[in-house]
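I have placed the structure first, in the form of structure tokens, so that the comments after it can refer back to it.
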Amino acid sequence: MTQYFDPYNADRPLMLKCSCGRDHTVAEHQQELAAAQAAVELKRRSETTEFEDYSNQFIEATLIKSLFPQDAVRRRFLRAVGKGTAMAAIASVLPVASLQAMAQEKRSLEKTNLKIGFIPITCATPLIMAHPLGFYKKEGLNVEVTKTAGWALIRD
Ligand SMILES: [Zn+2]
């Protein structure tokens, strides 16, 4: 375990801690390191043009999902009318392109200081992770993310 504790190094104190100086196990250290690397990778990807395509497609998929909450119905509809007709029909009721454009549009913000309360469940992850990844700051938002105990406290 020399690589972690380095007991033969004259230049650093021998602490029975992780070699980074913090009080956690090597497994925890590696877990944190992996999380940090994943965050760097996610940030890198968010700065590519691919990400805009991804974002646009995500918006479209979300809209289709809201139109067809049951996937079997969506698939039956697509099989029955074909992709082209389905896309035209959906575009006539849903302004997909303008919603995508709206998501990309940079306008002056109505409010820049925000407090975001979240309930610690999996679907809150994007709200929470957007903060350390600098996504809020990039959009000119000053956001405070806080964990909340129940819906009653955050519904406003
Ligand atoms: Zn460590």
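Within segment 112-120, is even one residue loosely packed, with under 13 Cβ neighbours inside 10 Å and at pLDDT below 80? Yes: segment 112-120 contains one or more residues that are loosely packed, with under 13 Cβ neighbours inside 10 Å and at pLDDT below 80. Kindly indicate whether Glu28 is over 30 Å from Gln100 (Cβ atoms), surrounded by 13 or more Cβ atoms within 10 Å (Cβ to Cβ) and within 29 Å of the chain's Cα centre (by Cα). So Glu28 fails the test. Take the conditions within 16 Å of the ligand (Cβ to nearest atom) and outside any helix (DSSP H, G or I) and apply them to Ser19. Does it pass? Here the answer is yes, as Ser19 does meet what is asked. Look at segment 74-99: where a residue is within 17 Å of Ile59 (Cα to Cα) and a partner is among the aromatic types (Phe, Trp, Tyr), sitting 6+ places away or on another chain with Cβ atoms under 6 Å, you get Arg74/Phe68.
The values are calculated or read from the model by the stated rules, or taken from the named source; none is laboratory data. Small disclaimer: the values here were computed from a predicted structure and weren't measured. FYI the Cβ positions are ideal-geometry reconstructions off the backbone, even for glycines, and counts take in every protein chain you see.
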